[in-house]
1. Which percent of Cα-Cα pairs in segment A:47-186 sits in each 5 Å bin, short to long?
2. Which helices, counted as full DSSP H runs in chain B, have an axial Cα extent of no less than 30 Å and a Kyte-Doolittle average of -1.0 or above?
3. Could you work out how far helix A:140-153 tilts from the main Cα principal axis of chain A, as a 0 to 90 degree angle to the nearest 10?
4. Looking at the protein assembly as shown, send over the antiparallel percent of its DSSP beta bridges, to the nearest 5.
5. Given 20 °C and 1.002 mPa s, how large is the Stokes-Einstein diffusion coefficient of chain B in µm²/s, with Rh as the Kirkwood radius over Cα pairs?
6. Show that you can apply the helix-only estimate: for chain A, add -39,500 (n - 2.57) for every DSSP H stretch of four or more residues, divide by all residues, and state [θ] at 222 nm to the nearest 500.
7. Using only the alpha-carbon atoms, how far is helix A:170-185 inclined from the longest principal axis of chain A? Give it as 0 to 90 degrees, nearest 10.
8. For segment B:165-309, just list the percent of Cα-Cα distances falling in each 10 Å bin from zero outward, please.
Amino acid sequence: MTLQCDNVDFAHGERPALHSVNACFEQGQFSVILGPNGAGKSTLLACLAGLLKPDSGSARLDGRDVSSLPVADRAKMIGLLPQGAETHWAISVQALVALGRYPHRTGLGLSKQDRSAITDALNATGTSSYAMRTVTELSGGERARVLMARVLAGEPQWILADEPLANLDPGYQIDMLTLLRKQADSGKGVVAVLHDLHHAVRYANHVVLLHRGTIFAQGDMSSVITSANLAAVYGIDAQLFTDEKGLKQLLIHGKIAP
Amino acid sequence: MTARWITPALILLTAGAFMLSLMAGKVWIWPTAWLADDANGWIFLELRLPRALLGLAIGAILGLSGAVLQGYLRNPLADPTVLGVSSSAALGGVTAIFLGLNTIPLGLFGSAMLGAGISILLLLTLARGGGPLGFILGGMVLSTLAASFTAFLISISPNPFATSEIVNWLMGALTDRLMEDAVKALPLMAIGAALLLTTGKALDALTIGEDGARSIGVDMARLRWIIIFGVGLSIGASVAVSGVVGFVGLIIPHVIRGLYGEQPSVILLPSALGGALLTLTADSLVRLTPGPSEIRLGIAMAVLGAPFFLFLLSKKRKQAA
């Protein structure tokens, strides 16, 4: 199963955001979309999620155009964790997570299947202990996990996350990354937009590096995150290495003078 | 958690307020005299019954559409007037009075509904493609435009009699509404309410923002369409028969949230009940005020509503602190 972009062009009004983007994501991998601010990361993710329709080209899920899939089918297969962790009303955690069942629900109430998916999602994110609390009472870290539980409750084959680590403390960031990693290991496709290169190299195994709306490089971590690529895209002097525990780490020395 | 007695209590109170509205007035008419073949029986059938029915329906519509719009715009300050439908329907009504069309059957009602209909079409065009922001901006533009045209008509109105009739009508009242008014307005309100009641699940989904809602399969264009038609038909019809009655749509969803929690789908029906309860009660009270003429319902509602709203706000601020 693959989620891919074929020759995607997209402009926000007059401002071009993506140009001839070809990218391919596979299930069982934790993919990250990297690139400096304004490189088109979120736009690319929104195209993959079917929220934006490319001006030309297409996003394809197993060969089928995402933007022409029936809305409910798309929603069942692709789960999106949007940017910003919005929760507008003080509803219960239970009710929020139940929103993940929206594309599956037919009647008024929740089916047995819906309930078990919600329970599983709460358990997987370690949030079952506050299922009865109100989302607005939660800390930022707790809320991020609950919102992820909402995505998991839909049992999507693909999980797309736009800046899932924003505003989280390091401990919660690691929780979130571990959770995404686990989902990828269990065979789901995970695609996340990240800003933090250190975390990206540690947890992801596939990278799409965007630069000014085009793909600069894509592939496995060590082939894409090279000192030359980081210098060209981010203007930083950095080096990927493997630490004494065998983990990938990125050492950033500083900015390269323009 | 919601206590079990709240919904039955709300239903009972609303039923009680409906009964009160049937009985209360300069002349009290007890249920035993309702079907009598005399003046009281006539007052009951021709004046009280339509007035109570309209109070019930208009209150319910105001509460319901307030709850839907606050949920859709995720803004607790939204109310049915933000769409500009009320002002446009009011402009339609004022135009009818200005041109003297209110003397012919369906003149005022038809003209007000025409105003509402035009505003629905304009809204659909103005808000196309945009999210709630485009919707609210479109509504504000419409509402300002309609209000200034209304002011213009009042200012050039040739005789003081027409002016006072316009101003009176604009203030909102259920006084002297007849069964034929109810018969015209109720079906449109029922269709609008039925449309609005289907939005609950989508409004819940908007709790996680527009992108979140779209990603789980909410069709935003369809939702906008349903809300514009639902609010347009029901509020348009309510303004056409009663003028602009404010505050109910703004306040009721707040009160209901305090009782039921904030989940948008949960507060829809209770908001309708609450709106009906408040409107029926207020309309009964204005009838009982001493003096030759009644206080207008719209004015009474604002006088009651504004301090109550301030009270709610200060309570909320204390909770937040």
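Just so you know, all these numbers are worked out from the coordinates, no wet-lab data involved. Remember, it's a predicted structure, so these values are computed and weren't measured experimentally. All Cβ positions, glycine included, derive from the backbone under ideal geometry; neighbour counts span all protein chains shown.
1. Percent of Cα pairs in each bin: 2, 10, 19, 21, 20, 14, 9, 4, 1, 0.
2. Counting only whole DSSP H runs, the qualifying helices are B:49-73, B:132-156, B:220-242, B:264-288, B:297-320.
3. It works out to around 70 degrees.
4. 65 percent
5. Estimated via Stokes-Einstein, D reaches 107 µm²/s.
6. -9500 deg cm²/dmol, from helical runs alone.
7. 80 degrees
8. 11, 34, 34, 16, 5, 1
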